[in-house]
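Have a look at the structure below before the remarks.
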Amino acid sequence: MDGTTLFTAVFALYFAANIASARSYSAFDTAAMVGGDGRACGRFLVGTAFLNVAPTFYYLWILGKIERFPRLNPPYCTLMQFKWEILILLLGMVGAGFYRIFAGCLAIRTDGDRFFFYAADDPGQKNGNEYNKRGHSVRPGCGAVRGEIGAREHFCGSLLYFLPPFLLYYAIVK
């Protein structure tokens, strides 16, 4: 399998998993946007930026790197090729880092400890309800919020997806 095919396959799997995981964040709630929820527009923009645009640019950039450096796409099977395939697998998994940045953005809270990208609670709302009286999301879905994990933890977690592959890439290629 050549480098571009391997990278595309791995990246596609992570891309699909990211989009599926984003569901609980209500990132693409266009019905709420039409219904007047301005914060849904913010979630839509963040989701588009970090789940669509940034991964697309990253994908194209890495494809260019794979095609530019023949060592990333050797024509024969050797131990050296195995090392390059591991690197290409790691570069494909970086896509999960974009999801983590996206989750970090949507985990940002205001000083009042409510989520910045979600509508305000309505008075008298039942505890644990995910929507206010107008039907707008007031927090990420239950599966998306775990205890005290906030924006900082999501952003730092994204570094675990980005740094090792890039450090390995620059150690090997440069």
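The values are calculated or read from the model by the stated rules, or taken from the named source; none is laboratory data. Computed from a predicted structure; not experimentally measured. Please note: Cβ atoms are built from the backbone with ideal geometry, for glycine as well, and neighbour counts cover all protein chains shown. The accessibility values were calculated without ligands, DNA or RNA, using every heavy atom of the protein model including side chains. Shrake-Rupley method; radii C 1.70, N 1.55, O 1.52, S 1.80 Å.
Contact annotation: residue pairs with Cβ atoms under 6 Å, 6 or more positions apart or on different chains, pairing a residue in segment 94-109 that is farther than 12 Å from Ile149 by Cβ with a partner that is among the polar types (S, T, N, Q) and open to solvent by less than 10 Å² (accessible area, probe 1.4 Å), are Gly97/Ser158; Ile101/Ser158.
Test Gly42 against the stated conditions and say whether it is in contact (Cβ under 8 Å) with a residue 24 or more places away in the chain, loosely packed, with under 13 Cβ neighbours inside 10 Å and farther than 18 Å from Gly97 by Cβ.
Numbers: in contact (Cβ under 8 Å) with a residue 24 or more places away in the chain: yes; loosely packed, with under 13 Cβ neighbours inside 10 Å: no; farther than 18 Å from Gly97 by Cβ: yes.
Criteria not met by Gly42.
When Phe82 is tested against (1) within 27 Å of Thr8 (Cβ to Cβ); (2) of a type in the set (A, V, I, L, M, F, W, C); (3) open to solvent by 70 Å² or more (accessible area, probe 1.4 Å); (4) at pLDDT 80 or above, just one condition goes unmet, and that condition is (4).
Checking each residue in segment 1-29 for being more than 26 Å from Ala107 (Cβ to Cβ), at pLDDT 90 or above and either open to solvent by 40 Å² or more (accessible area, probe 1.4 Å) or not hydrophobic (A, V, I, L, M, F, W, C) (or both) picks out Thr8, Ala9, Ala12.
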